[in-house]
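Trainee: Sending over a structure as structure tokens; questions will come in a sec.
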Amino acid sequence: MLQTDSLKFSYPKGHTFSFPNISCKAEETLLILGNSGTGKTTFLNLIALLLRPSSGELRINNTETANLSEKQITEFRAQNIGIVFQKPYFVNALNVSENLLLANYLGNKALNKSKAAELAKDLGFEYLLSKKVQELSGGEQQRVCIARALMNTPKVILADEPTSALDDENCEKVADLLEKQSKLIGAALIIVTHDHRLKSRFTNQITL
Amino acid sequence: MLLKIVWKNIWAKKLNSFLCILLMMFGISIISLLINIGNQLQDKFSKNISGIDMVVGAKGSPLQLILSGVYQIDAPTGNIPMSELQSLQTNPLVKQVLPLSMGDNYQGFRIVGTTYPYLKHFEADYAEGVGFKNNMEVVVGATVARKLNLKLNESFASSHGFEKEGEAHGDKKYKVVGILKSNNSVIDNLILCNLNSIWEIHKHEEEHASETPEEHAEHANEATESGHDITCALIKFRSPMGLMTIPRLINQNTKMQAALPAIEINRLFELMGIGIDAFKALAIAIMLISGISVFVTLYNALKERKYEMALMLSMGGKRTKLFFMLMFEGLFLSLSGYILGILLSRLGLWVASRMLDQNFNFDLQQSMLQKEEIYLLIAALLVGIFAAIIPSLGIYRINISKTLAND
């Protein structure tokens, strides 16, 4: 589902990162580990197509992304990649359900309310759908973010430190949910983390 | 969905949005009110003036003569003998002389003695009845009939002066023979009769003068050898030559004065114009402040919502779309301010109309959107656009990965 080949990225100030080649098949989970400053987030941003590499290749869902235009990239990302950011970002003026549907809207898809309700039920927050996002606890927010990443049934799910702010119990839950949901929709799951609690759980690992 | 987000964002900052809309509303409503009142006054003033080239009456303030003679709103300057008009009536440069005699009222509405051409001049049309033929027969204007609920063949006694409380001429009663259709001119507010009726009432009074010495004194100078006084006369000229020569002749050689409505009204509007301009400047300042407040609101919003914007961009939102989303927020605020402002100005117009009506028997029409108000709409939208464009352009500067990775 996803392969990289000698990806490199240079920051304007001159710092250059070279990343190892990775590949991740559908329904598989890959853990990207590394200490701070090793370019974990940069790597994730490259895979998420939020940054363009200075050299190297990145294939997602059999598409060579280097050849896509800026506009195509935006569309491609909306269609194929679900991102769970480290911090639970939301559009604060919208409620939980609307934040989920926003993914459909921005991805140019029909608003799928039943899908939102279904995911909310699977992730255990159906009673929160009409609440304001600011009123949710950290664990609840993280689950909503996961649901949002799944709204467009992506081919690749990227999670950036999804558990760093959570206690053991919630960490376990979130990891379960990510794994279960990505298997369910047949997506590749890539988790960038330095959380040792996850290391023991997923065996397919790469360290930067 | 886009509009929903716009609406939710506005709703999420209720107080800020309220302030923006409030400022815009006041700016717009003040300007719109000024435009409406100004237009209607000018319209009314110029409609009543049309065709009247000169007014002659007793010496005094020319503006007062015009206001009392043409618009029936100020007190008359005094009386002049009917005989003085003779030379004017025979002057070849003069097309028409419309004598007016005032001095009485009924329930605050002026009773004006005149001749038929006065009605014709205003293109009066009868809703009911006929014109006055005999003494003590009156034709009432539409507003008068409506307000006082006067019917055909009804009789009433007039009172002296221009106040409702004036002393009643109880022994002689007027009879309504005609009611006019409303035509938005000064005669809507008048009760019209022939000159003789006025003369008769006041002559009659003089016989009882001993009973009221003050009245006697007042009427003493009204009476001349012929006994026929009028208050003023409206003159139409046959050619502009008359305008050049006759006013000076009258002012130099007679006891009367001649005033030119066009000049006096221009003077009046110039005086009013200063006040109106000051108000307009104030209103424009308020509108600009509203624009600044929209700007600050959106600018802060963009700073606060930088993460939201980056998030939406990362989820496939196009920058153009988000740009328009912010623009819509600005436009929504200024547009709703505009709409509320226009509504408020109509409400203000209604209140002003009621006040004017009570005090001057002068009402304002609720009008459709004026041409100037369309310009005002464009101005309001421009304020909204300019206030929103700088914050909105910020969308294009957002670096998604940097913003979202920033912890």
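Trainee: With respect to A:LEU51, determine if the residue is of a type in the set (A, V, I, L, M, F, W, C) and either part of a strand (DSSP E or B) or surrounded by fewer than 20 Cβ atoms within 10 Å (Cβ to Cβ) (or both).
Mentor: No: the conditions fail for A:LEU51.
Trainee: Please tell me if B:LEU100 is among the hydrophobic types (A, V, I, L, M, F, W, C), in contact (Cβ under 8 Å) with a residue 60 or more places away in the chain, part of a strand (DSSP E or B) and in the same structural domain as B:ALA157 (by TED's automatic domain parsing).
Mentor: yes
Conditions (1) surrounded by 18 or more Cβ atoms within 10 Å (Cβ to Cβ); (2) within 26 Å of B:LEU364 (Cα to Cα); (3) among the polar types (S, T, N, Q); (4) at pLDDT 85 or above, marked per residue:
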position: B:LEU15; (1), (2), (3), (4): no, no, no, yes
position: B:LEU34; (1), (2), (3), (4): yes, yes, no, no
position: B:SER50; (1), (2), (3), (4): no, yes, yes, no
position: B:GLY57; (1), (2), (3), (4): yes, no, no, yes
position: B:LEU88; (1), (2), (3), (4): yes, no, no, no
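Trainee: Could you list, in sequence order, all residues of the stretch B:323-340 that are crowded, with 23+ Cβ neighbours inside 10 Å and either within 14 Å of chain A (Cβ to nearest Cβ) or among the small types (Gly, Ala, Ser) (or both)?
Mentor: Correct list: B:LEU326, B:GLU329, B:GLY330, B:SER334, B:GLY337.
Trainee: Scanning the stretch B:1-32 for residues that are away from chain A (no Cβ under 14 Å) and of a type in the set (Ser, Thr, Tyr), which turns out farthest from B:SER293 (Cα to Cα)?
Mentor: Here the answer is B:SER32.
Trainee: Go through the stretch A:87-111 and count every residue that is under 26 Å from B:ALA301 (Cβ atoms) and either in a loop (DSSP other than H, G, I, E, B) or of a type in the set (D, E, K, R) (or both).
Mentor: Number satisfying all stated conditions: 12.
Trainee: If you go through the stretch A:118-148, how many residues are of a type in the set (Gly, Ala, Ser) and touching a Leu at 6+ places or on another chain (Cβ under 8 Å)?
Mentor: Total satisfying the criteria: 4.
Trainee: If you don't mind, another one. If you scan the stretch B:161-186, which residues turn out to be under 28 Å from the mean Cα position of the chain (by Cα) and of a type outside the set (S, T, N, Q)?
Mentor: Of everything in the stretch B:161-186, those that are under 28 Å from the mean Cα position of the chain (by Cα) and of a type outside the set (S, T, N, Q) turn out to be B:GLY161, B:PHE162, B:GLU163, B:LYS164, B:GLU165, B:GLY166, B:GLY178, B:ILE179, B:LEU180, B:LYS181, B:VAL186.
Trainee: While we're here: Mind checking which pairs have a first residue in the stretch B:294-320 that is at the interface with another protein chain (Cβ under 8 Å from one of its Cβ atoms) and a second that is among the small types (Gly, Ala, Ser), Cβ under 6 Å, 6 or more apart or different chains?
Mentor: Correct list of pairs: B:MET315/A:ALA103; B:GLY316/A:ALA78; B:GLY316/A:GLY107.
Trainee: Okay, moving on. Inspect all residues belonging to the stretch A:112-126 and state whether any of them is part of a loop (DSSP other than H, G, I, E, B), out of contact with any strand residue (DSSP E or B) (no Cβ under 6 Å at 6 or more places or on another chain) and closer than 21 Å to A:GLU161 by Cβ.
Mentor: Yes, some residue in the stretch A:112-126 is part of a loop (DSSP other than H, G, I, E, B), out of contact with any strand residue (DSSP E or B) (no Cβ under 6 Å at 6 or more places or on another chain) and closer than 21 Å to A:GLU161 by Cβ.
Trainee: I'd like the residue in the stretch B:353-407 that is within 14 Å of chain A (Cβ to nearest Cβ) and surrounded by fewer than 16 Cβ atoms within 10 Å (Cβ to Cβ) and, out of all such residues, is modelled with the highest pLDDT.
Mentor: B:TYR396
Trainee: Oh, and also: Are any residues in the stretch A:175-208 of a type in the set (A, V, I, L, M) and within 20 Å of A:ILE47 (Cβ to Cβ), and if so, which ones?
Mentor: Correct list: A:ALA175, A:LEU178, A:ILE185, A:ALA187, A:ALA188, A:LEU189, A:ILE190, A:ILE191, A:VAL192, A:LEU198, A:ILE206, A:LEU208.
Trainee: Quick one: would you say A:VAL144 is within 15 Å of the chain's Cα centre (by Cα) and either surrounded by 15 or more Cβ atoms within 10 Å (Cβ to Cβ) or of a type in the set (D, E, K, R) (or both)?
Mentor: yes
Trainee: Also, I was wondering about something else. If I ask for residues that are among the small types (Gly, Ala, Ser), in contact with a strand residue (DSSP E or B) (Cβ under 6 Å, 6 or more places away or on another chain) and more than 17 Å from B:ILE230 (Cβ to Cβ), which ones from the stretch B:92-131 would you list?
Mentor: B:ALA124, B:ALA127, B:GLY129, B:GLY131 - these are the residues of the stretch B:92-131 that are among the small types (Gly, Ala, Ser), in contact with a strand residue (DSSP E or B) (Cβ under 6 Å, 6 or more places away or on another chain) and more than 17 Å from B:ILE230 (Cβ to Cβ).
Trainee: Exactly one condition in (1) aliphatic (A, V, I, L, M); (2) within 16 Å of the chain's Cα centre (by Cα); (3) in a helix (DSSP H, G or I); (4) more than 10 Å from chain B (Cβ to nearest Cβ) is false for A:LEU44; which is it?
Mentor: For A:LEU44, the exception is condition (4).
The values are calculated or read from the model by the stated rules, or taken from the named source; none is laboratory data. Computed from a predicted structure; not experimentally measured. FYI the Cβ positions are ideal-geometry reconstructions off the backbone, even for glycines, and counts take in every protein chain you see.
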